[in-house]
Amino acid sequence: RQRQMCIRDRSPDTYLSSRTKQHIGNIFLNSITPMMKKKEYAWVNEMIDIAEEHRFIYEDSFFYLSQLTYLKSVYEFFAKKDMLGLQKAHAIIEAIEVIGEEETAVKLRNELQDLLEDKKLMGYSMQDVVIGKS
């Protein structure tokens, strides 16, 4: 029997189409917010580690990198009680707004507010929190 390759077996020199990269990036990033809302911080940390390990998949996308940095900052605030994480998350949202992605910035602000108010999983589908949504 041949061993199936998992995503951890991929390396930067592996060719992946841009569409495949987009879907893989969405899986990583869309999984983190619902886990955070359920306060499953060990899983959030694992997903962030996997996403960072596979940064080559979306390293050419400002949107995915900013989303990962935003989610990591929010994680640091909630899981590690690091106020700098919250400040970084706000700075990223402001930067996204400055480059003209107002709709994305509003969604991220609402998402962060929901997390701060402990609103759990109300109101957002996974697609609603994707940065750079068409």
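Every number here is computed from the coordinates shown, using simple stated rules; none is lab data. Small disclaimer: the values here were computed from a predicted structure and weren't measured.
In order along segment 71-77, phi translates into HN-Hα couplings of 5, 5, 5, 5, 4, 4, 5 Hz, rounded to whole numbers, per the Karplus curve 6.51 cos²θ - 1.76 cosθ + 1.60 with θ = phi - 60° and x for Gly and Pro. With contacts taken as Cα pairs under 8 Å and at least 6 residues apart, segment 10-111 reaches a relative contact order of 21 percent.
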